[in-house]
1. What does the C-alpha gyration tensor say about the overall shape of region 1-118? Classify as rounded when a/c is under 1.5, otherwise prolate if a/b is larger than b/c, or oblate.
2. Going by how many other beta carbons lie within 10 Å of each one, how would you line up S114, S8, fewest first?
3. Sorted from fewest to most neighbouring beta carbons within 10 Å, what does the list I72, I35, I94, I87 look like?
4. Could you line up E91, E103 from fewest to most neighbouring Cβ atoms inside 10 Å?
5. Report, in listed order, any pair from K40/K104; K5/K105; K12/K34 with a Cα-Cα distance greater than 31 Å.
6. Residue by residue through region 115-131, which ³J(HN,Hα) values in whole Hz follow from phi under the Karplus form 6.51 cos²θ - 1.76 cosθ + 1.60 (θ = phi - 60°), with glycine and proline marked x?
Amino acid sequence: MAGRKPISNELKVLKGTNQPCRMRDEVRYERITKIPNPPKYFNNHSKRIYKITAQELAKKGILDVVNINAVIMYAGEMGKYMEAQEILAEEGRILTEITKFGEKKYRNPLDKMSSEYYANAIRLACELGVTPASASKVKEKPREEKDEFDNINAM
């Protein structure tokens with residue numbers, strides 16, 4: 001089926017585009033407020049990305065027991081991408097091999113893998129709404145600023 005991917009009702013509310021005619025029936029899952037520990041196989045980059053992304057999505061109220069798996073996949077792919085970039089910075093994107101016919105230059109296989117990790121991460125980031133373009137469409141809930149006089153009633 002061609003066309004745009006459907007947007008969840010929660011994202012429509014956050015974007016300010018919620019209208020009764022646009023809302024659809026959705027399956028609701030239990031929201032996550034306490035972020036689970038990252039998987040043990042994550043590298044340090046993945047752990048950091050997982051923690052930040054999960055916390056921010058939980059603050060927005062859109063992290064639930066089902067889409068936490070997408071956050072895990074996103075963090076894993078971004079972590080592998082960043083690790084690959086560090087190795088490529090040391091090894092280089094073009095490798096040289098000496099053969100009996102002379103010098104042969106070829107693309108570092110890690111460069112292609114890095115591109116695949118990045119493409120996967122971007123696709124997952126769009127699904128989660130954490131790319132700059134998709135995040136700019138979400139309205140921030142206004143924070144209630146309190147001053148010292150608000151605490152007088154509590155005394």
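1. prolate
2. In increasing order of surrounding Cβ atoms, one gets S8, S114.
3. With the fewest neighbours first, I72, I35, I94, I87 line up as I94, I87, I35, I72.
4. Least crowded to most crowded, the residues run E103, E91.
5. Where the Cα-Cα span goes over 31 Å, the pairs concerned are K40/K104; K5/K105.
6. 4, 5, 4, 5, 4, 4, 5, 5, 4, 5, 4, 5, 4, 7, x, 10, 7
Rule-based calculations on the coordinates, nothing more; no lab input. Being a predicted model, the structure only gives us computed values, none of them experimental. Using ideal geometry, Cβ is built from the backbone for each residue, glycine included, and neighbour counts are taken over all protein chains shown.
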